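K.L.:
Supplied in structure tokens, the structure appears directly below.
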Amino acid sequence: MEEAIFKVEIITPTIMGGADSGKLDSIYIRPTEIKSAMRQAFRLIAGKYVEHNKKGIEKLYELESEIFGNTQGKGKFRLIVDIPNNLETEKIKLLPHKNDFSKLAILQNQTFDLKIISYKYPVEFYKALLNVAFLLGVGHRRNRLFGNMQIEKFGLKDEVGKIDKFFLDKGYGVIKTNNPLFACFSEQEDGDNRNFSVFGMPLKDEFIPINKQKFENTLKNLYEKVIHKIEEKDNLKFILGGVSPRRQASFVNFSILKVGQSYRLFVIGFYYKNEKFKYDDWKDAIEKAKELTENTFKK
């Protein structure tokens, strides 16, 4: 058994669910939601090592259960959260263009302690999963700047490499695919094209989310100058997901992390099999999302 305690900084307002979906959970930071984000991070890397068919999905479930457990057995680690008594919360507008659409959030520039207890595999493996998970975000609206947290400054390639080792040690090799079934860090079969895109930029000072007002201003600009501009184009708006004819998660994610004393905004996108668009359509849409974001936010 191995243990470690990490200081986690909340970078952007975070919304965690509870029994009452209209309120935060009474413990504020829920280990279950952090684990859920870690599970997503695990799948991003696992998607490079399994076939994207029924057999591959079954293998993914087997690998995932080895780490996170399932109905037949417990996972190989625990998370314990130590929450300050004075953790600040305040209502934040989720959609800047809708005045009545706000929700209570845990405010940024606060910290909490997160303890990892590992029963198998190095703590560094779980910390790497946390770093990737915190980049993507935790909790409600995590693909729209909410829920970004941070343990340390890190390089994404390095963290992915630490998670890669789990698969490589088990004898898995990289499998390329033109039609991934879920979001992952996989590559296309032909050429050097990837089924994902991670693009970061230094953030202008006026958009650094050091308080509620600045965060809401950043969110307002994201919607007005990026998301709404994409929505106006029929050939691009698919990338934002939707609810018709059935709910579809967004194919693009916006996040903010700290790098030293400065901040970076990330545009993260994934391509996977769907009925609405092809790979080249997704690639064009991601490039447009990058361009619009860079025009507004890049320092």
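The values are calculated or read from the model by the stated rules, or taken from the named source; none is laboratory data. Everything numeric here is computed off the predicted structure, so don't read it as measured data. Every residue, glycine among them, receives a Cβ derived from its backbone with ideal geometry; neighbour counts consider all protein chains shown. Areas reflect the complete protein model, heavy atoms only, side chains present, ligands, DNA and RNA absent. Shrake-Rupley method; radii C 1.70, N 1.55, O 1.52, S 1.80 Å.
K.L.:
Taking the Cα of GLU124, stepping 7 Å toward and past its beta carbon, and measuring to each backbone N in the range 163-179: which are under 16 Å?
P.N.:
Residues 163-169 qualify, since their backbone N sits under 16 Å from the label point.
K.L.:
When mean projected area of the Cα convex hull in nm² is calculated directly from the model, which label among (i) 16.0; (ii) 17.3; (iii) 25.9 fits?
P.N.:
(i)
K.L.:
Tell me, how many Å apart are the Cα centres for the range 151-183 and for the range 54-130?
P.N.:
Between the Cα centres of the range 151-183 and the range 54-130 lies a distance of 19 Å.
K.L.:
Moving to a separate point now. May I ask you to give the solvent-accessible area per residue for the chain, in square angstrom, as obtained with a 1.4 angstrom probe?
P.N.:
49
K.L.:
Please work out the FRET efficiency for the pair LYS276 and ASP190, using the Cβ-Cβ distance as r and a Förster radius of 25 Å; give the result to the nearest 0.05.
P.N.:
0.70
K.L.:
While we're on this one: HN-Hα J couplings of the range 55-62 from phi, Karplus 6.51/-1.76/1.60, θ = phi - 60°, integer Hz, Gly and Pro as x?
P.N.:
Working through the residues one at a time gives 4, x, 5, 5, 5, 4, 4, 5 Hz.
K.L.:
Where nothing but the Cβ of Lys and Arg (+1) and of Asp and Glu (-1) is charged, how large is the charge dipole of the chain around its Cα centre, in debye to the nearest 20?
P.N.:
Taking the Cα centre of the chain as origin, the dipole is about 380 debye.
K.L.:
Starting from the eigenvalues of the Cα gyration tensor, five times each then square-rooted, give me the equivalent ellipsoid semi-axes of the range 71-127, largest first, whole Å.
P.N.:
Taking √(5λ) for each eigenvalue gives 34, 16, 11 Å, largest first.
K.L.:
Quick check: with the 1.4 Å probe, what order do ARG142, ARG43 take by accessible area, largest first?
P.N.:
Largest to smallest exposure gives the sequence ARG43, ARG142.
K.L.:
Next question. Quick one: give the max-minus-min coordinate of the C-alpha atoms of the range 20-111 along each principal axis, largest first, in Å.
P.N.:
Result, largest extent first: 47, 34, 25 Å.
K.L.:
Under a crude label model (7 Å from the Cα following the beta-carbon direction), how far is GLU66 from SER102 in nanometres?
P.N.:
4.8
K.L.:
Could I ask something else about it? Rank ASN148, PRO96, ILE11 by how far each Cα sits towards the positive end of the charge dipole of the chain (+1 on Lys, Arg Cβ; -1 on Asp, Glu Cβ) and give me just the farthest.
P.N.:
Among ASN148, PRO96, ILE11, the one farthest towards the positive end of the dipole of the chain is PRO96.
K.L.:
Can you pull the percent of the range 235-298's accessible area that's carbon plus sulfur, 1.4 Å probe, other chains left in place?
P.N.:
Carbon and sulfur: 45 percent of the exposed surface of the range 235-298.
K.L.:
Can you tell me how the range 148-288 classifies by the Cα gyration tensor, rounded, prolate or oblate, using a/c under 1.5 as the rounded cut?
P.N.:
Oblate, since a/c reaches 1.5 and b/c is not below a/b.
K.L.:
Within the accessible area of the range 25-127, what % is carbon and sulfur when the probe is 1.4 Å and the other protein chains stay in place?
P.N.:
Whole-percent figure for carbon plus sulfur exposure: 48.
K.L.:
If a/c stays under 1.5 just call it rounded; otherwise compare a/b with b/c (prolate if a/b is bigger, oblate if not). Do that for the range 79-197, with a ≥ b ≥ c from the square roots of the Cα gyration tensor eigenvalues.
P.N.:
Verdict is oblate for the range 79-197.
K.L.:
Taking springs between alpha-carbon atoms closer than 10 angstrom, which of LYS204, LYS93, LYS54 fluctuates most in the Gaussian network model of the chain?
P.N.:
LYS54
K.L.:
I'd like the accessible area for LYS176, computed on protein heavy atoms only with a 1.4 Å probe and all protein chains in place. Round to 10 Å², please.
P.N.:
Counting only protein heavy atoms, the figure is 90 Å².
K.L.:
Can you find, among TYR121, PRO180, VAL81, the residue sitting farthest towards the positive end of the charge dipole of the chain, where Lys and Arg contribute +1 and Asp and Glu -1 at Cβ?
P.N.:
VAL81
K.L.:
Give me the percent relative contact order of the range 38-162, please, defined on Cα pairs under 8 angstrom at least 6 residues apart.
P.N.:
Reported relative contact order: 20 percent.
K.L.:
If you place +1 on the Cβ of every Lys and Arg, -1 on the Cβ of every Asp and Glu, and leave all else neutral, what size is the dipole of the range 119-267 about its Cα centre, to the nearest 20 Debye?
P.N.:
With Lys and Arg at +1 and Asp and Glu at -1, about 500 debye.
K.L.:
Using a cut-off of 17 Å between alpha-carbon atoms, which aspartates and glutamates can reach LYS204, once sequence neighbours fewer than 8 places away in the same chain are excluded?
P.N.:
GLU216, GLU224, GLU291, GLU294
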